[in-house]
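Input: a single structure, listed below in structure tokens.
The values are calculated or read from the model by the stated rules, or taken from the named source; none is laboratory data. This structure is a prediction, so every number in the text was calculated from the model and none was measured. Positions of Cβ are backbone-derived with ideal geometry, glycine not excepted, and every protein chain shown enters the neighbour counts. Ligands, DNA and RNA are stripped out before the accessible areas are found, and what is left, the full protein with its side chains, is counted by its heavy atoms. Shrake-Rupley method; radii C 1.70, N 1.55, O 1.52, S 1.80 Å.
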Amino acid sequence: MKASAPPQARRRRGPSLVVLALVVCSLLVPVAFVFFFSAGYGSFADERPQEDFDLHLPHWSNRDKDQDVPHLVHEIKELPVPTIPTIPEVSTQTTKQDDSSAVPKQIIVPPKPLPSPNVTRGNTDGAIRLSEENKQACQIEFGSYCLWSFERLEYMKDAIVKRLKDQLFVARSYFPSIAKIQGKEALARELKQCIQDHEKVLSESIVDGDLPSFIAKKMERMEQTIAQAKASPVDCNNVIRKLSQILGLTEDEAHFHRKQSAFLYHLGVYTMPKSFHCLTMRLTVEYFKSTPSDPDGFYLEKFNMPKYRHYVLFSKHVLAASVTINSTVMSSEVTGNMVFHVVTDKLNYFGMKLWFSRHSFKEAAIHVINYEEVITQSFLKNVPSELFLPEEFRVSIHDPEMPPTKSRMEYISVFSHSHFLLPEIFTSLKKVVLLDDDMVVQHDLSFLWDLDMGEKVNGAVRFCGVKLGHLRKYLGDNIYEAKSCAWMSGLNVIDLEKWREYKVTDKYLQLLEQFQGERPTSLQEAALPLSLLTFHNLVYPLDETLTVSELGYNFEVDTDTISNAAALHYNGLRKPWLDLGITAYRKYWWRFLTREEQYMNDCNLHP
């Protein structure tokens, strides 16, 4: 009778089999992966006939939607900063920190290392001019933050601090090799002491003016020590590997700080400045304290009469809406037939009411509407009562036959979910002009009311840089013409009679149900495909010179073009009321802002 294996042998046999199975899998999986893609069963890139379009769906589509800010702040705080060791150990491999969680949530491009710096330094002003490859790579990952950061890049003028850092890197690269050489113990101790002295100085000084008076002696001592290290019989391959390791860690640290800066940039863009929040709160409190006169009583008969010219704004920003209205009125010859409907949420409703009761805009009538209250009282069922502002999407456009420098970034603004409920809000009106609150009007728009749009519903400026065929992976299996151009919100003429006749709202709700059934998506993310599909073949093209857009991200818009345009659209992240707004374009917005307002002065709001 065969004796059974002892218990200890049986216990060892189980882990051995597991280890053997893992080794076999580790060998077979890569082979199968290579075979799968080499055989043509998979592809890393979409097959697109002409141009590649990457649509970046922002996590914060509405520019004032900041409920996720605390989560992101906690996330950025928890992220470890890659640091170079104080005294580097001997190593032949570069260890890179995983800092992918620091990418701002609204950017969906996978993070990748930035290319090596390729800059040209001017001989006169010290400015840095980055290569187009660097700019394009940065924009694809971080968006408009890169344009803002490039605008403020300066050449490092603190030459002594820079020299200290260079010496520190060289000393760190030689130290592990010197420490291994027999008979060089004194040189190793001297090199270590110099490294520690430089680290202490750099931890306390970031500019030349902060350096201590004895720094020249320390630099000379370090230089002599490095010279002795270079004269020693060291293995150059070890030094090269250590320099590569330090370079990798430095690039990781620089990339981390760029991500952190991009996060703070987007935080500043998407959150309301303190002074504007102060104004809204002061107006709301004062409304309940002073019981202001209701301006609606003077113009109540105008609000629902189709014979007047009705303009509609969806806004949560009292000053932005005020500037858009003021610029439209000031640019019009006749104002007695103008009615402006400001659709806002319940949080800003009372502040808006007080603001427009305190200010008059020639003979124009102002009607402030509480969106949540109107939608709650309507006959629509299962429709969110939250107010959504126009949505903006960043589109990366790449031509595979052209170099990367020819790729471009564009921002497309479209209708939000709230726009498709216009007939439910204005049941008695026949025609309206929609204005975004980041618009500034410079010329009379009265000619828009004489347009004959035929059977079309939406008069809009087309954006043929993007066609529906380019967005096919976002539009699903719906029927559309691939060569049809996209269109922009901002300035739109809406025929509400045709809207009701074609049942545009019902069509939108059906598409929304279809999209959410195929894959769960938010109303903000679905705004672009739903807007383009709902108004497919229902868009009347307005003159492209009517509106100049790109003022929220493009630095190269011609001044003459801006002056001759009927309306200016600050689409993009850099709105004119923000400190991050493009300086050259902000003056066109600020000149229509109300002056000498008590609450603005109290909240420190000044041009």
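Per-structure values
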{"read-out": "Residues satisfying the stated conditions in region 210-239, i.e. open to solvent by 70 Å² or more (accessible area, probe 1.4 Å) and in contact (Cβ under 8 Å) with a residue 40 or more places away in the chain", "value": "223, 228, 230, 233, 235"}
{"read-out": "Verdict on residue 343 being open to solvent by less than 60 Å² (accessible area, probe 1.4 Å), without any contact (Cβ under 8 Å) to a residue 60 or more places away in the chain and either touching a Lys or Arg at 6+ places or on another chain (Cβ under 9 Å) or in a strand (DSSP E or B) (or both)", "value": "no"}
{"read-out": "Some residue of region 517-540 being open to solvent by 60 Å² or more (accessible area, probe 1.4 Å), polar (S, T, N, Q) and on the phi < 0 side of the Ramachandran plot", "value": "no"}
{"read-out": "Every pair of residues 6+ apart whose Cβ atoms lie under 6 Å, when the first sits in region 302-327 and is within 22 Å of residue 443 (Cα to Cα) and open to solvent by less than 10 Å² (accessible area, probe 1.4 Å) while the second is among the aromatic types (Phe, Trp, Tyr) and part of a loop (DSSP other than H, G, I, E, B)", "value": "323/592; 325/361; 327/592"}
{"read-out": "Single residue of region 355-376 satisfying the filter (out of contact with any Lys or Arg (no Cβ under 9 Å at 6 or more places or on another chain) and small (Gly, Ala, Ser)) that is nearest to residue 344 (Cα to Cα)", "value": "357"}
{"read-out": "Flag for residue 395 being of a type in the set (A, V, I, L, M), touching a strand residue (DSSP E or B) at 6+ places or on another chain (Cβ under 9 Å) and modelled with pLDDT under 95", "value": "yes"}
{"read-out": "Candidate set: region 155-176, residues that are in a loop (DSSP other than H, G, I, E, B) and charged (D, E, K, R); chosen: the one surrounded by the fewest Cβ atoms within 10 Å (Cβ to Cβ)", "value": "157"}
{"read-out": "Subset of region 445-464 [surrounded by fewer than 16 Cβ atoms within 10 Å (Cβ to Cβ) and not charged (D, E, K, R)]", "value": "446, 447, 449, 451, 454, 464"}
{"read-out": "Residue list for region 177-204, restricted to those being farther than 21 Å from residue 160 by Cα, free of Cβ contacts under 8 Å to residues at least 60 places away in the same chain and open to solvent by 30 Å² or more (accessible area, probe 1.4 Å)", "value": "181, 182, 183, 184, 185, 186, 189, 190"}
{"read-out": "Scope region 470-487; condition in contact with a helix residue (DSSP H, G or I) (Cβ under 8 Å, 6 or more places away or on another chain), within 18 Å of residue 507 (Cβ to Cβ) and in a loop (DSSP other than H, G, I, E, B); matching residues", "value": "476, 478, 480, 481, 484"}
{"read-out": "2 or more residues within 16 Å of residue 313 (Cβ to Cβ) and under 33 Å from the mean Cα position of the chain (by Cα): qualifying strands (runs of 3 or more DSSP E) within region 423-467", "value": "431-435, 439-441"}
{"read-out": "Single condition residue 333 does not satisfy, out of (1) in contact (Cβ under 8 Å) with a residue 60 or more places away in the chain; (2) open to solvent by less than 10 Å² (accessible area, probe 1.4 Å)", "value": "(2)"}
{"read-out": "Residue among 335, 376, 284 that alone is among the hydroxyl-bearing types (Ser, Thr, Tyr) and either within 31 Å of the chain's Cα centre (by Cα) or under 26 Å from residue 598 (Cα atoms) (or both)", "value": "284"}
{"read-out": "Filter result (under 26 Å from the mean Cα position of the chain (by Cα), surrounded by fewer than 20 Cβ atoms within 10 Å (Cβ to Cβ) and of a type outside the set (S, T, N, Q)) within region 541-577", "value": "544, 550, 555, 556, 557, 558, 562"}
{"read-out": "Count - residues of region 255-274 that are open to solvent by less than 30 Å² (accessible area, probe 1.4 Å), of a type in the set (Ser, Thr, Tyr) and out of contact with any Lys or Arg (no Cβ under 9 Å at 6 or more places or on another chain)", "value": "1"}
{"read-out": "Filter pass, residue 467 being basic (Lys, Arg), touching a Ser or Thr at 6+ places or on another chain (Cβ under 8 Å) and either at pLDDT 90 or above or open to solvent by 20 Å² or more (accessible area, probe 1.4 Å) (or both)", "value": "yes"}
{"read-out": "Candidates 511, 528, 496 - the one that is touching a Pro at 6+ places or on another chain (Cβ under 7 Å) and not basic (Lys, Arg)", "value": "496"}
